[in-house]
1. Which residue, of S170, S133, S158, is modelled with pLDDT of 95 or more and closer than 18 Å to A80 by Cβ?
2. Of the numbered conditions (1) touching a Phe, Trp or Tyr at 6+ places or on another chain (Cβ under 7 Å); (2) modelled with pLDDT of 95 or more, G74 fails exactly one; give the number of that condition.
3. Inspect the range 130-137 for any residue being in a loop (DSSP other than H, G, I, E, B) and of a type in the set (S, T, Y) and give the result as yes or no.
4. Name the single residue that is nearest to the chain's Cα centre (by Cα) among those in the range 111-170 being over 14 Å from V67 (Cβ atoms) and basic (K, R).
5. Of everything in the range 152-182, what is touching a Phe, Trp or Tyr at 6+ places or on another chain (Cβ under 8 Å) and either part of a strand (DSSP E or B) or among the basic types (K, R) (or both)? Give them in sequence order.
6. For the range 102-115, state whether one or more residues are surrounded by fewer than 14 Cβ atoms within 10 Å (Cβ to Cβ) and not charged (D, E, K, R).
7. Cβ contacts < 6 Å: first residue under 17 Å from A94 (Cα atoms), restricted to the range 54-67; second residue of a type in the set (S, T, Y), any location; separation 6+ or different chain. Result?
Amino acid sequence: MLLCYLFGTSRNLAISKWKWEKTRENWLKSAEFGGESRLIALLQRVTRAEVKVAGEVIAEIGRGLLVLVGVVRGDSALEAEKLAERVLRYRVFADADGRMNLSVREVKGAVLLVPQFTLAADTNGGLRPSFSSAAPPGLGASLFMHMAEQVRASGLQSACGRFGADMQVSLTNDGPVTFWLEARPRET
């Protein structure tokens, strides 16, 4: 079962879904906002993970992947779909020989997606990050929701953090195993 929260209210979820349906066709063709596109996922192999908001657990998984997702200006549904598929197929679990040759699909693990706009920060200069490359909240929420739907459609157990909320994320990183994945625009 997929548990996703956008801004914490059902009204906002309905508005976001309506906006998503109205603009999805345009996003599939090309990015709505200019700039370099590179949807980001910080993938961590975990034995357990959970997300709390205001002290309440809103999402949790056992063995699987905790995926922090950052949406950048210029990202589109195509990058969200590409990154979701890459997360599901990325081989980070050990096979019988102890080598990382199995995906979360193959081990029938779970996926916990957590929106994290700070992944889109520019940290190249100064002592303070710049978030000018991060997608606007509406686009970020919609593409995060689209990526979550792609993961849910895989049939694996999945859960989500709450977009725009102050979350506390706890996990037990297995290994530790952590990878930075990006989905660059598809070649046309």
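The values are calculated or read from the model by the stated rules, or taken from the named source; none is laboratory data. For clarity, every value in this text was computed on a predicted model and none was experimentally measured. We place every Cβ from the backbone using ideal geometry, glycine too, and count neighbours over all the protein chains shown.
1. S158
2. Result: G74 passes all but (2).
3. The answer is yes; a qualifying residue exists.
4. R162
5. C160, R162, F163, F179, L181
6. No, the range 102-115 contains no residue that is surrounded by fewer than 14 Cβ atoms within 10 Å (Cβ to Cβ) and not charged (D, E, K, R).
7. Listed by first residue and then by second, the contacts come to R63/T47.
Conditions tested, residue by residue: (1) in contact with a His (Cβ under 7 Å, 6 or more places away or on another chain); (2) among the hydrophobic types (A, V, I, L, M, F, W, C); (3) outside any helix (DSSP H, G or I).
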| site | (1), (2), (3) |
| --- | --- |
| V51 | no, yes, yes |
| E60 | no, no, yes |
| L65 | no, yes, yes |
| E79 | no, no, no |
| R91 | no, no, yes |
| L112 | no, yes, yes |
| M145 | no, yes, no |
